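See below for the structure under consideration.
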Amino acid sequence: GILAGKTLLEVRKTESVDADKGPQVWLIELHTRSNRVMSLLYDVNDRAWSRVDVKAGFSRFYRIVKQEGGLKSEERIKPTYDIGNMAALYERPRADGQWRRQTIPLAGKALDPLAALYYLRAVDLSKLQPGDAIRLPICADRRLWNMALRITERLPAQNIGCLKDRDCVVVEPDAEFQGLFERKGRMLIWLDAATNIPLKM
């Protein structure tokens, strides 16, 4: 019940992938910041950016800069979907200031952890029951993950303190990668049942 900080999740604008050329993408930004009191105990200042294809919802670029407690990390991912050459360039800074680069092979279109939150809006969860799961191809932490998203329960949204007369779906990502937060243990996400918009994590 104590306010720890704020998170802003925002679609900033629509733009082309390469200047004025290429397909249209949404520029999405996530900023999580602990408040002054919590920052004395555990400072959090995370930012993530994703460019999501407007037509199909897959990822075209991803960058995250995490500062949580004593941890500081950064990664960038740039997928390429050329026929016969589907891969993602993964970059992470080394201690000497240079970037470590590697290529991640892709079998098809992929999502990044931030794009996946928006992609979920298009997934029909209404027919899924607790125990059911859907799978999402997520590119993060040096590889492509076939992440399972399991439905754990359905309940009125007012049970978590918001949206009277609405229902929510509780999902649990079966993710082995860190994603948007430095995470240990179980993560649960409460989604509005009608729109799949995240209400709580």
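The values are calculated or read from the model by the stated rules, or taken from the named source; none is laboratory data. Bear in mind that the values here come from a model prediction, so they are computed numbers and not experimental data. A quick note on method: Cβ atoms are made from the backbone with ideal geometry, for glycine too, and the neighbour counts reach across all protein chains shown. Side chains are part of the model used for accessible areas, which takes the heavy atoms of the whole protein and leaves out ligands, DNA and RNA. Shrake-Rupley method; radii C 1.70, N 1.55, O 1.52, S 1.80 Å.
Here are the numbers for the structure shown:
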item: Test: residue in the range 83-100 that is in contact with a Lys or Arg (Cβ under 9 Å, 6 or more places away or on another chain), more than 21 Å from Pro23 (Cβ to Cβ), surrounded by 15 or more Cβ atoms within 10 Å (Cβ to Cβ) and hydroxyl-bearing (Ser, Thr, Tyr); result: yes
item: Residues of the range 29-46 classified as open to solvent by less than 50 Å² (accessible area, probe 1.4 Å) and part of a helix (DSSP H, G or I), total; result: 1
item: Strands (runs of 3 or more DSSP E) wholly inside the range 68-168 that include at least 1 residues being on the phi < 0 side of the Ramachandran plot and more than 18 Å from the chain's Cα centre (by Cα); result: 71-82, 85-93, 99-105, 143-156
item: Residues being modelled with pLDDT under 90 and among the small types (Gly, Ala, Ser) - total across the range 120-138; result: 2
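Here's the yes/no breakdown for (1) over 24 Å from Trp145 (Cβ atoms); (2) touching a Phe, Trp or Tyr at 6+ places or on another chain (Cβ under 8 Å); (3) of a type in the set (Phe, Trp, Tyr):
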{"position": "Asp18", "(1), (2), (3)": "yes, no, no"}
{"position": "Lys21", "(1), (2), (3)": "yes, no, no"}
{"position": "Ile28", "(1), (2), (3)": "no, yes, no"}
{"position": "Trp49", "(1), (2), (3)": "no, yes, yes"}
{"position": "Gly57", "(1), (2), (3)": "no, yes, no"}
{"position": "Tyr62", "(1), (2), (3)": "no, yes, yes"}
{"position": "Asp82", "(1), (2), (3)": "no, no, no"}
{"position": "Glu91", "(1), (2), (3)": "no, yes, no"}
{"position": "Gln98", "(1), (2), (3)": "yes, no, no"}
